[in-house]
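The values are calculated or read from the model by the stated rules, or taken from the named source; none is laboratory data. Predicted model, so just to flag it, every value in this text is computed and none were measured. Quick reminder, even Gly has a Cβ in these numbers, built from the backbone with ideal geometry, and neighbours come from all protein chains shown.
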Amino acid sequence: MNLPDVVSREEWLLARKGFLAKEKAFTRARDALNADRRRLPMVRVEKDYRFEGLEGSATLLDLFDGRAQLIVYHFMFAPDWKKGCQGCSLLVDNIGHLAHLHARNTSLVLVSRAELPKLLAFRKHMGWTLPWYSSDDGDFNYDFHVSFDESRAPIEYNYRNRAELSKLGVDVGDEMHGLSVFLRDGKEVFHTYSTYARGTDLLNGTFNYLDLTALGRQEAWEEPKGRSTARTGGWWRRHDEYEQEHA
């Protein structure tokens, strides 16, 4: 394995200080990027999307639960699947207590195409309590480009995302994970942002912890080469499956 060079503490400190300058520059660049994201225009949502939740039928406005902002994580769970996506499950395991988002007038929910009873059974199995809604086979997933059907004319840029994932050895089929953000003004709802594929990396605490280590995520695409040959996502499991596999 291609491990890091072994040096003296003095040499390490010198290298660390040099890298710290890059980290600070990245932090400032990220702040600027976040500011530019907040400057993006928004689009009024005029379609009457319907979801099924614990309290019955719900509109997109209902998903805000009275708050000003709504974050929707598009969880990959097609109607014919027996379990939810492994990668999405990993990400949801990393979502913190929603009280912190609520304190900033922001709601977060999961939305998938599978029927609600299947979603709730999987949620119970995984030990989650996040609000989860079924979009069934309505237009929501297709309009926000996380489900694909050529008859519904998906936008081209998501095909590029799928192609990029395919190069990394990830086959998303007709489903893709992503995140969409909405803002409401009274009863009017606006779409402000969406991101897909590796755009959700920052939401995954496990990835961010591993990125701080010498071996990283231990996937073959990472630099420097020679520290892993594992394919992208090949190690992901639902949290109860690691011990089963080890056994």
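Restricting attention to region 175-201, the residues that are surrounded by 12 or more Cβ atoms within 10 Å (Cβ to Cβ) and not in a strand (DSSP E or B) add up to 7. Listed by position, the strands (runs of 3 or more DSSP E) contained in region 38-89 that have at least 2 residues being touching a Ser or Thr at 6+ places or on another chain (Cβ under 6 Å) and either among the aliphatic types (A, V, I, L, M) or within 11 Å of Val189 (Cβ to Cβ) (or both) are 69-74. Looking across region 202-219, the residues that are of a type in the set (A, V, I, L, M, F, W, C), surrounded by 15 or more Cβ atoms within 10 Å (Cβ to Cβ) and without any contact (Cβ under 8 Å) to a residue 60 or more places away in the chain come down to Phe207, Leu210. Inside region 133-167, residues that are under 12 Å from Arg113 (Cβ atoms) and either assigned to a strand (DSSP E or B) or modelled with pLDDT under 65 (or both) make up a count of 3. Here region 58-86 is the region considered, the condition is being among the polar types (S, T, N, Q) and either outside the structural domain of Phe122 (by TED's automatic domain parsing) or out of contact with any strand residue (DSSP E or B) (no Cβ under 6 Å at 6 or more places or on another chain) (or both), and the residue that is surrounded by the most Cβ atoms within 10 Å (Cβ to Cβ) is Gln86. Return the residues of region 1-50 that are under 30 Å from Leu63 (Cα atoms) and touching a residue at least 40 places away in the same chain (Cβ under 8 Å); say none if nothing qualifies. Scanning region 1-50 gives Arg37, Leu40, Met42, Val43, Arg44, Val45, Lys47, Tyr49, Arg50.
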